[in-house]
């Protein structure tokens, strides 16, 4: 298999790696960088467990080639907590009980952050539509929507405070 | 905490409990949650060992065939391949009830997806490439795709049951495809039917479901071929039962098998079975003890792990004009797949639940596990109880319709209450089904709604209600170790695994409550069968009840030990020291001498003293009255019955056939809600899971070929399907033997969901749907035309 060298920024850190051209971003994150917070659920873009943000856009990392990440910014669940503090959405997930087995949680968080960027004050209907690609088998989804709404309140509060 | 947010959809209806406790009864943030939101929690496939090889499996493309030859030469020659395993390498059979299943197929394959060979290689890519190079010659055999074919016994999937090592809890019938049977008989149904004014009969079929945990099955094994030491890392629901199974399978002493449990990305019964574990061990043994990681892809998860068996049920009920049930007979036929696995337990639990939580003087249940050439049925969140509830609750509605009674009224008339005689002749206690039915009905406004109506958009709307009862597996045993660290904090070591249900939060809550201690000071230790004390399984909604009792016993011992140490410090006799309910270790004769449990670490009483550690144990063998196989009558078949009810409102679009569940009212008797949000999580998640079962999910097999083994074609509920208003009541009818009155809630949330939704759809369409899932095409194009003229 042909190899390619990429310069990519993952969670604000630069990685220069030579990788096979057919390696998916999911494989790159999990096996090359050992960032195992990003999960594989179906490897066909249906479950959303592997969702990461590429230049701010949510993507199923199982469907994207790592080679395409040259010059791009990737955000994974490991990059959400900053300065020893959880992201407000991570806090909200814990507080409202949006986490059960936790396997879909990393993908849910990244999709949730992408949707809050798009709709800072989402309705439940918008949340359902935007989050449809992320499957959860434990929670029944309602608390995940609750968490996104709570985080949206808090993020709005932070913006006002600044 | 944000309890206030929950109280909008939660009501607690206390019968024999108080809300006065400091720690239990209050929502607590899930232990281990921070690692899950940070992505640092280590699930099965996150395990990586130095020198690790990767496994891949060749699965049978045939549902039923003889293996004529296997050529692995090319695969072995591929650079990077370190081991290849075929059936003859491990001529051993396994199974928890009957040892009928090979690690890798021997001579014959019995379902599409059965492992035929496995490879370990330096990379996953090489392993899969090697699998493609294996050549197998098959001679196809006639395929048994369904119950009708299986019952003919013209083709036997297992020719000779007597060849297998069979436990005393499994009853195959020689010369047939029946892998197990169950028979319950109470009174004389013929007498009961003779007393009846009306006889109602119905049939119901539940489709084949996949657990569809988002984490697939995976295992990493390091197995030493010389010493026989086997170390497995896997997301196993029940590490000790899998340890026992693996030791038997590989003919090594039990203590040689060590299972380290990773985080579990969803279980629901699916991770009760050993799937990747035996294969990873076989590969590691063949690779001279190098560690091997095997992770199933989603297509393998569908084809080669486990499922919920399709089941066909027939119910006949005798009833008086006033609604009193005089007799009921239930016949259950499981389409159980190619190997028996845990089906006998499903058959058994469903058998006890099949008549519902009703007073029935004469009853009979006959359950049969039929083998078919399909993937393997097993436990699925309730061990068959959900399926039989769907049938007996449809039947109740049909009876109500025949008698012109309100469905709720009919149920309330027949429901089991304290002091009534249950299905095994047991005198029932701690029953609150009546309260659950009333609360569930109130939660959707039952009494103000007709059975069916048309909304302003022209949708056909209906309401439905259902209840259930379910026993927990008895007898069973558990033990926990509670050890105090040098700073006075505690570790609880328990093999009750966490798969999202919250047991690693409820057990610390119980300890914190018992000791008057801060919850933050109590942690759960990771689970490893070489270290953690024995627990039978994490199934059957038993963990908070059983392990909670063990924790309470250990905490009593901890108190005694601390009083002894405090007596030394206080320089008084041990009998002069008491432990108060708010956590003070106090000198009786001089109350100024006291230490709070939260301050034990800095009090100095632990310094250079025998460490404080306590074993807590709990078992139910003493209260168990074994139900004999002929009739299953018993004064105490289980330590704990669980029950609850749900009511649903649905809207059916008559043009598209699409069913929308608008509202679900639930009420479950949890005995005592240790972590109320935890209880709600179980019920809310179950409601949406049950919605999938009622309306969407179905594994489709044609001639033994799985037609939709992927997440595109096997539809599970998404965010868009979950627009359901929920109102939930937790009824607290304390269980006298449960810790603080606890009953289980892991499985019960799902038990009445599909039943309530089916009844609502039937009412909405004025039709009698006799199978699930009810998909749009079933609403629009059913053979028997719906009564509602709009469709």
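Descriptive notes on the structure:
- Antiparallel DSSP beta bridges within chain B, as percent of all bridges there, nearest 5: 75 percent
- Within 10 Å of the Cβ of each residue in B:73-84, the mean number of Cβ atoms contributed by other protein chains is 0.
- Debye equation applied to the C-alpha atoms of the range B:430-483, log10 I(q)/I(0) at 0.15, 0.19 Å⁻¹: -0.65, -0.81
- Tail weight of P(r) past 20 Å, computed on alpha-carbon pairs of the range B:718-791, percent: 52 percent
- Counting every C-alpha pair in the range B:114-182, the share spaced more than 19 angstrom apart comes to 57%.
- Only alpha carbons enter this Debye calculation for the range B:132-242, each as an equal point scatterer, and the log10 of I(q)/I(0) it gives at q = 0.20 Å⁻¹ is -1.22.
- For the pair residue B:406 and residue B:572, the difference between a 0.36 nm per residue extended length and the Cα-Cα distance amounts to 52.9 nm.
- One equal scatterer on each Cα of the range B:639-791, no solvent, Debye formula: the resulting log10 I(q)/I(0) at q = 0.10, 0.11, 0.14, 0.18 Å⁻¹ is -0.42, -0.50, -0.74, -1.03.
- Overall Cα dimensions of the range B:174-331, principal axis frame, Å, largest first: 71, 32, 31
- A Stokes-Einstein calculation at 4 °C with viscosity 1.567 mPa s, built on the Kirkwood radius of the protein assembly as shown over Cα pairs, returns a diffusion coefficient of 45 µm²/s.
- If both residues of a DSSP beta bridge must be in the protein assembly as shown, then about 75% of such bridges are antiparallel.
- Computed packing ranks the peptides B:15-28, B:367-380 as B:367-380, B:15-28, most packed first, by mean other Cβ atoms within 10 Å.
- The value for the range A:3-79 of Rg(Cα) / (2.2 N^0.38 Å) is 0.96.
- Per-residue shielding of B:102-109, expressed as the average number of other chain Cβ atoms within 10 Å of the residue Cβ, stands at 0.
- Cα-based values for the range B:668-731, radius of gyration first and Dmax second, are 15.9, 48 Å.
- D_trans [Stokes-Einstein, Kirkwood Rh over alpha-carbon pairs] for chain A, 10 °C, 1.306 mPa s, µm² s⁻¹: 99 µm²/s
- Reciprocal mean inverse distance between Cα atoms of the range B:265-358 - Kirkwood radius, Å: 16.9 Å
- Ratio of Rg to Rh over the range A:37-125 (Cα coordinates, Kirkwood Rh, two decimals): 0.96
- Mean Cβ count within 10 Å, highest first, over the residues of peptides A:11-22, A:27-38: A:27-38, A:11-22
- Rounded to the nearest whole angstrom, the semi-axes of the ellipsoid equivalent to the range B:312-369, taken from the Cα gyration tensor as √(5λ), stand at 27, 10, 7, largest first.
- Between helix A:142-161 and chain A: long-axis angle, C-alpha atoms, 0 to 90°, nearest 10: 90 degrees
- Highest average packing first - B:580-589, B:708-717, B:305-314, B:51-60, Cβ atoms within 10 Å: B:305-314, B:51-60, B:708-717, B:580-589
- Stokes-Einstein D for chain B, Kirkwood Rh over Cα pairs, 10 °C, 1.306 mPa s (µm²/s): 58 µm²/s
- Where only DSSP H runs of four or more residues are counted, chain B gives -7500 deg cm²/dmol as its mean residue ellipticity at 222 nm, each run worth -39500 (n - 2.57).
- For the range B:62-172: span of alpha carbons on each principal axis (Å, largest first): 48, 29, 20
- Semi-axes of the equivalent ellipsoid for the range B:518-580, Cα gyration tensor, largest first, Å: 31, 13, 11
- P(r) tail fraction, the range B:477-619 - alpha-carbon pairs more than 28 Å apart, %: 20 percent
- Average other protein chain Cβ within 10 Å of Cβ, residues A:104-111: 3
- Ratio of the Cα radius of gyration of the range A:88-161 to 2.2 N^0.38 Å, where N counts its residues: 1.00
Bear in mind these aren't lab numbers, they're just calculated from the coordinates by the rules spelled out. Note that the coordinates shown come from a computational prediction; the quantities given were computed from them, not determined experimentally. Methodologically, a virtual Cβ is constructed for each residue, glycine included, from the backbone with ideal geometry; neighbour enumeration extends over all protein chains shown.
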